[in-house]
1. Please tell me if residue 110 is surrounded by 21 or more Cβ atoms within 10 Å (Cβ to Cβ) and on the phi < 0 side of the Ramachandran plot.
2. Does at least one position in segment 233-245 carry a residue that is over 24 Å from residue 90 (Cβ atoms) and either modelled with pLDDT of 95 or more or in the same structural domain as residue 82 (by TED's automatic domain parsing) (or both)?
3. Look through segment 58-84, keep the residues that are over 19 Å from the mean Cα position of the chain (by Cα) and surrounded by 18 or more Cβ atoms within 10 Å (Cβ to Cβ), and return whichever of them is nearest to the ligand (Cβ to nearest atom).
4. Quick test for you: out of 36, 19, pick the one residue that is surrounded by 14 or more Cβ atoms within 10 Å (Cβ to Cβ) and over 28 Å from residue 140 (Cβ atoms).
5. With respect to the numbered conditions (1) surrounded by fewer than 16 Cβ atoms within 10 Å (Cβ to Cβ); (2) within 28 Å of residue 32 (Cβ to Cβ); (3) within 13 Å of the ligand (Cβ to nearest atom), which one is the sole condition not fulfilled by residue 98?
6. Only one of (1) in a helix (DSSP H, G or I); (2) within 20 Å of residue 131 (Cα to Cα); (3) out of contact with any helix residue (DSSP H, G or I) (no Cβ under 7 Å at 6 or more places or on another chain) fails for residue 198. Which number is that?
7. From the list 93, 156, which residue is at pLDDT below 95 and either surrounded by fewer than 15 Cβ atoms within 10 Å (Cβ to Cβ) or away from the ligand (no atom under 12 Å from the Cβ) (or both)?
Ligand SMILES: [Zn+2]
């Protein structure tokens, strides 16, 4: 009797597993077909690759005790980072499944902790534009500075856990030369007149201050492209920054481009899931 119950239980368990897999396959097929109708074959193929990779990596993270990768933002380790579905494209190894940090957050965290400790050690005022949780956690490790955060949307200010004020980056409600350290990641590509926003960042920075700026550079573009209006296929970006994006930051007195491949070995780029070529612009104001 006991063994009969055990057989039934085993089969029920198996049946539940099969139903779960069928449900996932059906959901993927449904999204694939919707993407094919609403966009094109390339977008639906990108979705399929994303979905298969996501399934595989999630399975490996859940079932294998692998410690191949490590997240410097939260300390998680596992088989791999999970991909993101960008609508018409997909990006593998992007998100930490534990803290949801992106590859750029992990790269900046390593850069700041190991190679440029100004954000962690400089006193004075730090301004974080459009604060991201993982960069804010890093900035808050500096107990000797005044940490202020700003965003166009009030509800997004909570992520920063700093002194908040709502502001348009093209017209910051701050006096001239009041900020020692500035962080602005993946914001400028959303601004039609991005040079006006850059001029504002320069205006509020003190002489000797440093601004850390990142935009999603497409290294296959020699020249930055302007869409003219928010592009719904790429997160409503006005700009597709190319290799020449540093020219948009020309108002700064110096602007050094740092890529993770310069300060991490290829093994560490893989281990930390860092974007090897994503540029951190380290911009300074002298006078
Ligand atoms: Zn993490």
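The values are calculated or read from the model by the stated rules, or taken from the named source; none is laboratory data. It should be emphasised that the depicted structure is a prediction, and the values quoted were computed from it without experimental measurement. All Cβ positions, even for glycine, are placed from backbone atoms using ideal geometry, and neighbour counts span all protein chains on display.
1. Working: surrounded by 21 or more Cβ atoms within 10 Å (Cβ to Cβ): no; on the phi < 0 side of the Ramachandran plot: yes.
When the stated conditions are applied, residue 110 does not pass them.
2. First, pick out the residues of segment 233-245 that are over 24 Å from residue 90 (Cβ atoms): 244.
Subset that is either modelled with pLDDT of 95 or more or in the same structural domain as residue 82 (by TED's automatic domain parsing) (or both): 244.
Checking segment 233-245: at least one residue is over 24 Å from residue 90 (Cβ atoms) and either modelled with pLDDT of 95 or more or in the same structural domain as residue 82 (by TED's automatic domain parsing) (or both).
3. It comes out as 78.
4. On the way: 19 fails: surrounded by 14 or more Cβ atoms within 10 Å (Cβ to Cβ).
Every option except 36 fails the conditions.
5. (2)
6. Status for residue 198: all satisfied but (3).
7. On the way: 93 fails: at pLDDT below 95.
The unique qualifying residue is 156.
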